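Chemist: Let me begin by handing over the structure; questions about it come next.
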Amino acid sequence: MSEKARRKIDKGKKALTQKNFAAAGALFEEAVMLDKEAHAGWFGLGEVALAIGQPDTAAQFLEEAVRLNPDMPRYLQRLGEVYGRDKRVEEGVRLLEAARRKSPRDTGILASLSGVHVAAGNWLKAYEVLQELVRHPHPRAAHFCLLGLAAQGVGEIDAALAAFRRATRMGPRYPDAWLSLGHLHLNKGRLPEASECLEHLLVLAPQQVSTLQLAGELEMARANWGEAARFFRMALEKKPGHDILQARLALALVLGGDAVGAVDAMTRANELGVPEEWILEQLGYLFVKRHDLDTAQENLEMSLERNPDNLNALNSLFVVYSKQGKSALARETAEKILQKDPEHVSTLVNMGGWCNDQARGAEAIDYYQRALELEPESGTAYSNYLWTIIHSSEHGADEILQVARAYDEHLCRKHLRHDDFADRDRDPERRLKIGWLTSDMRQHPVAAFVIPFLRFLDRRQLETVLYHNTALEDDNTRLAKMSVDKWREAQAIGDDALADLIRADGIDILVDLNGNTEGHRLLAMARKSAPIQVTWLGFPGTSGLSAMDYIFIPPDPVLEKGTWCTETPWPLADCYGVRTNIPDMPIQPGLPCERLDRPFAFACLNNFRKVSQHAIQLWSEILTRAPETRLILVARGGQDETLKTYIESQFARHGVAPERLDIRGLAPQKVYFNSYNEADICLDPFPFNGGTTGYDSIWMGVPFVTLPGDALVSRMGRIILKNVGLGELIAETPEAYVDIAVALSQDHPRLKALRANLRERMLASPLMDAPRMARSLEQAFRGMWRRWIGADKK
């Protein structure tokens, strides 16, 4: 090589080191023009081409360098790397193996060889090469990091963990080591360990895209949707065209209920190449959460047109069909999923819900048990399982307790924080902070029972904070906001973060208004972030939680024994709940059977899922003993012929002809209330009594017959009737239940007397006295507080 060409090459190397690629390229080009055999010049041109993103051109220059000097390991290594990236794996491996033979102690060549094997998807070969690499003297942290990635690739997670930990010890300031270790912990669900890795990254590389992405993924795992979205946005500011980051942002916004932001993010993700089927699936899920079922259906069906095998979209569509009352379509959709994947846990759980809606309790329980065998920590399976067995006449309080305790054992107890609240002011008469936790402060039965008393609570005694776990908002939400001291949005906050917030707010008594119902935050309650925790209203039964201290009940000696719950029962003064905002629908005069000239009508306007097999048996007996009568029933999907046929078959087993049944679908509010003007008397379902419907029935002037059981769920009808002076309609035995109903169908004067002025009696009762309920709650909270601080040892 001429001296002049050598000087050009030396200058070119210096310019390349300084990243002055234009100058470096010009100098290397001059060198090879001076001496076409100057292999270092050709190699330098290859390096420049790689630096400016022209791998094809780089390959040509590097090939010339190797041709001129095939014994130079570095040339072989770089060309092997380029071939590997270009999917010319065999050629790349051949070149790198040649380089390895010429320089057996060069760990960089081994690292490059492992990289080519990874590019080819051959993790095992890469793992073998990297194991050899780290046996060389003085391996670096980066080498152990690569070894960990390869170990993950072959499924040796413990070895990967050991390698990443070694990398962090060798290079505590090497960000990739903490990043790899953090992702491994996150993938294994070890959130505290992943969080520790992130803390290091936020010191070492706080603005690095990969750091921000890990932070977002960690918040996703914690269900902190709002925080996750913030980190993904920060990462996208630095890398705007990153399709995966854009998709993760869209998903965080969907889960957090930010409809406008989610749609914008998904549109952008689609522009970046994220598949349209995924976008439509997420839109469908978003609209399901917002209860816009028709729009959800449209998006999910379009997603499935693009990919009929998308099981998640099929499962969401199953939920939509179920909520729309399209019973047959829902079942067909679930069967498609389970044919493709018999172990699809979400579909097994949803099929349990489908069966429960049709009062097929035994089938529903079978689905839930199958789901729990596959996924023992499925909170949704446990919640739905509990919801089903409290409807069932074949399962008593002992079995409900067993399932509720299993839920606590498998999902909740491990989260319990042993906080002694030593910082809490123990003055027995000080102003208390009351927290209300719910997803239902909207058009929902829970809101109907809570909003009336909120504004009557004595602000001198109580400060109220409401934690709302949904993005849905309506007039009820706005009314509730005006009735509390502080309003917190909780839907985009994970369980740990929500518990931390409640603790920081200094809540003394936290009231869970969901229980095991949709939208609950029982895993946040499980952390016990308030000294006293109470469950009420949403789920008429025990939570099973070790962290739950009390359950509100109506005054009832059977319930006060507490044999049916894990909490300590705390009886309210007069009743279980109060309503003042029932629509002022007119009551038509007289008995409907006489006014409408129709057969005497028994009615149960509860959703049919509350109708147990024992109830069907007793109602059939009533219809048999009162042959000139009929029964009005309501079911989700009541106009679906498949469902109607099933319901009719359940009564036919007891000799009741289909024409005796008037089966209806769920109806708009006005139609629903007007249906009471067609009912002569109502039959309270059991063991799950009507709560909201019990109030509605009395409001519309229609008495009902109830059969109390041994738990809260089966004793709500009793307290309603007692408060309006209809204790004679409380049956102590199944036989008495039938006798009372049959007798009233045949004694019209007596029934008219029972119906007379029923709305007026309700208006004058504790059932509609919101200030009275506020006083009852104030007394209950003060009593709980005094007991907790030791001022009241009862």
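The values are calculated or read from the model by the stated rules, or taken from the named source; none is laboratory data. The shown structure was predicted, so the numbers you read here are calculated from the model rather than taken from an experiment. Heads up, the Cβs are rebuilt from the backbone with ideal geometry, glycines too, and the neighbour counts pull from every protein chain shown. Ligands, DNA and RNA are excluded from the accessible area calculation, which covers all protein heavy atoms including side chains. Shrake-Rupley method; radii C 1.70, N 1.55, O 1.52, S 1.80 Å.
Chemist: Name every residue in the stretch 92-137 that is open to solvent by 70 Å² or more (accessible area, probe 1.4 Å) and among the charged types (D, E, K, R), in order of residue number.
Modeler: Arg94, Arg101, Lys102, Arg105, Lys125, Glu128, Arg135, listed by residue number.
Chemist: Look through Leu411, Leu372, Leu416 and report the one residue that is open to solvent by 20 Å² or more (accessible area, probe 1.4 Å), among the hydrophobic types (A, V, I, L, M, F, W, C), under 17 Å from the mean Cα position of the chain (by Cα) and under 21 Å from Thr566 (Cβ atoms).
Modeler: Leu372
Chemist: Restricting attention to the stretch 483-501, report how many residues are modelled with pLDDT of 95 or more and of a type outside the set (Asp, Glu).
Modeler: 2
Chemist: Scanning the stretch 664-684 for residues that are in a strand (DSSP E or B) and at pLDDT below 95, which turns out nearest to Ala626 (Cα to Cα)?
Modeler: Here is the first cut: in the stretch 664-684, the residues in a strand (DSSP E or B) are 664-665, 681-683.
Checking which are at pLDDT below 95 leaves us with 664-665.
On the way: Arg664: 22, Gly665: 25 Å.
Once the filter is applied, the top-ranked residue is Arg664.
Chemist: Sticking with this structure for a sec: Of all residues in the stretch 143-169, which are aliphatic (A, V, I, L, M), touching a Phe, Trp or Tyr at 6+ places or on another chain (Cβ under 7 Å) and in a helix (DSSP H, G or I)?
Modeler: Correct list: Ala150, Ala151, Ala163, Ala167.
Chemist: Out of Glu659, Glu641, I need the residue that is modelled with pLDDT under 95, farther than 25 Å from Leu721 by Cβ and among the charged types (D, E, K, R). Which one?
Modeler: Just one listed residue meets the conditions, Glu641.
Chemist: Still on this structure, I have one more. Going through the stretch 143-164 one residue at a time, which ones are surrounded by fewer than 17 Cβ atoms within 10 Å (Cβ to Cβ) and at pLDDT below 90?
Modeler: Val154, Gly155, Glu156, Ile157, Asp158
Chemist: Okay, moving on. Which one of Gln246, Gln152 is touching a residue at least 12 places away in the same chain (Cβ under 8 Å) and closer than 26 Å to Asn270 by Cβ?
Modeler: Sole residue among the options that is touching a residue at least 12 places away in the same chain (Cβ under 8 Å) and closer than 26 Å to Asn270 by Cβ: Gln246.
Chemist: Same structure, new question: Where the second residue is open to solvent by 50 Å² or more (accessible area, probe 1.4 Å) and modelled with pLDDT of 95 or more and the first is of a type in the set (A, V, I, L, M) and lies in the stretch 774-794, which pairs have Cβ atoms under 7 Å and are six or more apart or on separate chains?
Modeler: Once the first residue is of a type in the set (A, V, I, L, M) and sits in the stretch 774-794, its partners that are open to solvent by 50 Å² or more (accessible area, probe 1.4 Å) and modelled with pLDDT of 95 or more give Ala774/Phe456; Ile789/Arg426.
Chemist: Please state which one of Arg431, Arg426, Arg405 is modelled with pLDDT of 95 or more, charged (D, E, K, R) and in contact with a helix residue (DSSP H, G or I) (Cβ under 6 Å, 6 or more places away or on another chain).
Modeler: The unique qualifying residue is Arg426.
Chemist: Sticking with this one: On the basis of being modelled with pLDDT of 90 or more, within 17 Å of Tyr75 (Cβ to Cβ) and either assigned to a loop (DSSP other than H, G, I, E, B) or among the aliphatic types (A, V, I, L, M) (or both), does Leu45 make the cut?
Modeler: Here the answer is yes, as Leu45 does meet what is asked.
Chemist: Sticking with this one: Where residues in the stretch 298-328 are open to solvent by less than 30 Å² (accessible area, probe 1.4 Å) and polar (S, T, N, Q), which of them is nearest to Val260 (Cα to Cα)?
Modeler: Checking each candidate, the answer is Asn299.
Chemist: Follow-up question, since we're still on this one. Which condition number does Ala364 fail, the rest of (1) in contact with a Cys (Cβ under 7 Å, 6 or more places away or on another chain); (2) assigned to a loop (DSSP other than H, G, I, E, B) being met?
Modeler: Single failed check for Ala364: (2).
Chemist: Report the residue count in the stretch 45-58 for those that are in contact with a Phe, Trp or Tyr (Cβ under 7 Å, 6 or more places away or on another chain) and open to solvent by less than 60 Å² (accessible area, probe 1.4 Å).
Modeler: 5
Chemist: Could you tell me whether the stretch 60-78 includes any residue that is open to solvent by less than 10 Å² (accessible area, probe 1.4 Å) and more than 26 Å from Ile9 (Cβ to Cβ)?
Modeler: no
Chemist: Something else: In the stretch 179-202, is there at least one residue being open to solvent by 30 Å² or more (accessible area, probe 1.4 Å), in contact with a Pro (Cβ under 9 Å, 6 or more places away or on another chain) and not in a helix (DSSP H, G or I)?
Modeler: Within the stretch 179-202, none of the residues are open to solvent by 30 Å² or more (accessible area, probe 1.4 Å), in contact with a Pro (Cβ under 9 Å, 6 or more places away or on another chain) and not in a helix (DSSP H, G or I).
Chemist: Only one of (1) touching a residue at least 24 places away in the same chain (Cβ under 8 Å); (2) more than 15 Å from Ile582 (Cβ to Cβ) fails for Tyr695. Which number is that?
Modeler: (2)
Chemist: Filter the stretch 422-459 down to residues that are under 15 Å from Leu510 (Cα atoms) and part of a loop (DSSP other than H, G, I, E, B) and give me whichever is most open to solvent (accessible area, probe 1.4 Å).
Modeler: Top of the filtered list is Arg431.
Chemist: Still on this structure, I have one more. Starting from residues that are assigned to a loop (DSSP other than H, G, I, E, B) and touching a residue at least 12 places away in the same chain (Cβ under 8 Å), keep the ones in the stretch 215-243 and report whichever is farthest from Glu196 (Cα to Cα).
Modeler: Gly241
Chemist: Continuing with this model, one more query. When you go through Gly590, Gly655 one by one, which is the residue that is open to solvent by less than 50 Å² (accessible area, probe 1.4 Å), in contact (Cβ under 8 Å) with a residue 24 or more places away in the chain and assigned to a loop (DSSP other than H, G, I, E, B)?
Modeler: Selected residue: Gly590, the only one of Gly590, Gly655 that is open to solvent by less than 50 Å² (accessible area, probe 1.4 Å), in contact (Cβ under 8 Å) with a residue 24 or more places away in the chain and assigned to a loop (DSSP other than H, G, I, E, B).
Chemist: Now for a different question. Do the conditions hold for Ala404, that is, is it part of a helix (DSSP H, G or I), closer than 30 Å to Tyr646 by Cβ, of a type in the set (A, V, I, L, M) and open to solvent by 40 Å² or more (accessible area, probe 1.4 Å)? Before the answer, list the steps.
Modeler: Numbers: part of a helix (DSSP H, G or I): yes; closer than 30 Å to Tyr646 by Cβ: yes; of a type in the set (A, V, I, L, M): yes; open to solvent by 40 Å² or more (accessible area, probe 1.4 Å): no.
Taking the combined requirement at face value, the residue does not satisfy it.
Chemist: Go over the candidates Ser776, Ser745 one by one and state the one that is assigned to a helix (DSSP H, G or I), at pLDDT 95 or above and over 39 Å from the mean Cα position of the chain (by Cα).
Modeler: So the residue among Ser776, Ser745 that is assigned to a helix (DSSP H, G or I), at pLDDT 95 or above and over 39 Å from the mean Cα position of the chain (by Cα) is Ser745.
Chemist: Which residue, of Thr542, Thr566, Thr580, is in a loop (DSSP other than H, G, I, E, B), touching a Cys at 6+ places or on another chain (Cβ under 8 Å) and of a type in the set (S, T, N, Q)? If you could, list the steps in order and put the result at the bottom.
Modeler: Values: Thr566 fails: touching a Cys at 6+ places or on another chain (Cβ under 8 Å); Thr580 fails: touching a Cys at 6+ places or on another chain (Cβ under 8 Å).
Just a single option satisfies the conditions, and that option is Thr542.
Chemist: Filter the stretch 481-520 down to residues that are open to solvent by 10 Å² or more (accessible area, probe 1.4 Å), over 20 Å from the mean Cα position of the chain (by Cα) and closer than 24 Å to Arg426 by Cβ, then give me how many there are.
Modeler: So the answer is 6.
Chemist: Which one is least open to solvent (accessible area, probe 1.4 Å), of the residues in the stretch 465-480 that are in a helix (DSSP H, G or I) and polar (S, T, N, Q)?
Modeler: Thr477
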